[in-house]
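Chemist: One structure, pasted below without further comment.
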Amino acid sequence: QVQLVESGGGLVQPGGSLRLSCAVSGSIFSIVNMASWAWYRQTPGKQRERVASIGGGGTANYADSVRGRFTISRDNAKTVFLQMNSLRPEDTAVYYCNARGSGGADAMVYWGKGTLVTVSA
């Protein structure tokens, strides 16, 4: 079992910055064998979208809407971060931490409960 707990959300002005953290705990075997880590976001009435992901080799991928502004990183799989700069009102959403195991199509997937980010003047 793996648990993901997000933190760092809040209210920030347009153009500001915010750093989200995802604390990881649970099975050490499962954690060290995760194939990828990611951040998703969701606004009421819209589908959940992947914002950023990072693989075991450290390669990061970003949605076009956040590329150049957001950065995903991890600290030895204990914490996954999302640094958000130049924030815009459209970035307002609940942000979720995600982890996927190494079993391919049968891989385990884990989700946090989310943290709210509000970008407003």
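Chemist: At a Förster radius of 35 Å, what calculated FRET efficiency corresponds to the Cβ-Cβ distance of L11 and K78, to the nearest 0.05?
Modeler: On the way: r = 27 Å, r/R0 = 0.78.
For L11 and K78, the calculated efficiency is 0.80.
Chemist: Could you check which residue among G58, G45, G103 shows the biggest mean-square fluctuation in a GNM of the chain with a 10 Å Cα cutoff?
Modeler: Of G58, G45, G103, the Gaussian network model singles out G45 as fluctuating most.
Chemist: Tell me the Kirkwood hydrodynamic radius of segment 18-68 in angstroms, computed as one over the mean inverse distance between distinct C-alpha pairs.
Modeler: Values: mean 1/r = 0.0783 Å⁻¹.
The answer is 12.8 Å.
Chemist: Another question about this same structure. Could you rank F70, F29 by how accessible they are, 1.4 Å probe, largest area first? Don't skip to the end; give the middle numbers.
Modeler: Details: F70 5, F29 155 Å².
Largest accessible area first, the residues go F29, F70.
Chemist: Right, another one. Taking the Cα centre of the chain as origin and charging only Cβ (+1 Lys, Arg; -1 Asp, Glu), how large is the dipole, in debye to the nearest 20?
Modeler: 80
Chemist: Further, regarding this structure: Leaving ligands and nucleic acids out of the surface, order W39, W111 by accessible area at 1.4 Å, largest first.
Modeler: The most accessible residue leads, giving W111, W39.
Chemist: May I pose another question? Given Cα pairs under 8 Å that are at least 6 residues apart, what percent is the relative contact order of the chain?
Modeler: Relative contact order, the chain: 36 percent.
Chemist: Rounded to a whole number, what % of the accessible area of segment 42-121 do carbon and sulfur atoms account for, probe 1.4 Å?
Modeler: 46
Chemist: Turning to a different aspect of this structure: Could you compute the FRET efficiency for E90 and A60, with r as their C-beta to C-beta distance and R0 at 35 Å, rounded to 0.05?
Modeler: Efficiency computed from Cβ-Cβ geometry: 0.95.
Chemist: Skip the ligands, DNA and RNA, and give the accessible area per residue of the chain with a 1.4 Å probe, whole Å².
Modeler: On a per-residue basis, 54 Å².
Chemist: Counting each DSSP H run of 4 or more residues in the chain as -39500 (n - 2.57), what helix-only mean residue ellipticity at 222 nm follows after dividing by all residues, to the nearest 500 deg cm²/dmol?
Modeler: Counting only the DSSP helices, I get -1000 deg cm²/dmol.
Chemist: Please work out the ratio of the alpha-carbon Rg of the chain to 2.2 N^0.38 Å and round it to two decimals.
Modeler: 1.02
The values are calculated or read from the model by the stated rules, or taken from the named source; none is laboratory data. Remember, it's a predicted structure, so these values are computed and weren't measured experimentally. Please note: Cβ atoms are built from the backbone with ideal geometry, for glycine as well, and neighbour counts cover all protein chains shown. SASA here: full protein model, heavy atoms, side chains in, ligands and nucleic acids out. Shrake-Rupley method; radii C 1.70, N 1.55, O 1.52, S 1.80 Å.
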